[in-house]
Amino acid sequence: MSGSEGGCHVSESSNYPLLAAQMLGVAGKDFACSGAAASDVTTTSQMSPPGQTVPPQISTLSGYEDTVVLTVGPDGLSCPNEDCRFASVFTRCVNVPIGNPNVEPCQPVLDPATNPQVTNAISNLEPTLVQTYLAIHQAAPTAQIYILGYPTLFASGLSGGTCDYINDSDIKWLLAKEAQLNGVVAQAVIDANMNAYGLIHFVDLAHAFDGHELCSGGTEWLYGIDVNPPPFPPESRYFHPTVAGQQQMAAYLASQVGHR
């Protein structure tokens, strides 16, 4: 992912769907847009920097596709008292200034036990995902549809290095929420297939980045935070896969597609 390529902050050359198509020796097109929620896939136009209007992604389908690939979920989360979209949650959890030991963890604010709004928002996402998957199936009724889960972002139990910008307790919480989200996505695929004749498939990426997560001590396949002085400038690539990460996701996807 690169902010310098494409109006939607999506790489035009190294994103996983196009890389997977190359691995399989087929032609591919990419209509993804960074920050898209489920509604941006199915019904609403999305505003993308720099002031670009992107039509619903489903409108690009002709009905004759062989394969459709989708990743959508955390940018559609809705909480009553907080902005709990993916980018907003991670921005809230980043310590500014970097490494400040006095910054309180974000989980007690965003998802306290007395009001677990992020947890509830993830659980409540499933019906929307089912509707999204079925809408795609209706628009491309003979296509095999592949729904990708999310690779684990942080190495469990490790801290320091690149991750001195986030509290250990928040890392554990974010890992738990990511696992919950992957479970909801997988269940939504199962539920949608009741009306899609088994044409929708879940691609599990939970272990795809093993040894290459943030804070793993190895070569990281995700963009961490660049150290910048306050005010903290958000970057669209943060916590998204690097080129190597995109290649790994493509390999997982191509392996599943190639078996069908």
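The values are calculated or read from the model by the stated rules, or taken from the named source; none is laboratory data. This one's a predicted model, so the numbers in the text were calculated from it and none came from an experiment. Ideal geometry is used to build each Cβ from the backbone, glycine not excepted, and the neighbour counts take in all protein chains shown.
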Only one of these conditions is not met by VAL227: (1) modelled with pLDDT under 90; (2) touching a helix residue (DSSP H, G or I) at 6+ places or on another chain (Cβ under 7 Å). Which number is it? (2)
Among the residues of the stretch 134-157, is there at least one that is assigned to a loop (DSSP other than H, G, I, E, B), in contact with a Pro (Cβ under 9 Å, 6 or more places away or on another chain) and not hydroxyl-bearing (Ser, Thr, Tyr)? yes
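A quick yes/no check of all residues on (1) part of a helix (DSSP H, G or I); (2) closer than 30 Å to ILE225 by Cβ:
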position	(1), (2)
ASN115	no, yes
VAL118	yes, yes
ALA121	yes, yes
THR132	yes, no
SER169	yes, yes
LEU175	yes, yes
ALA192	yes, no
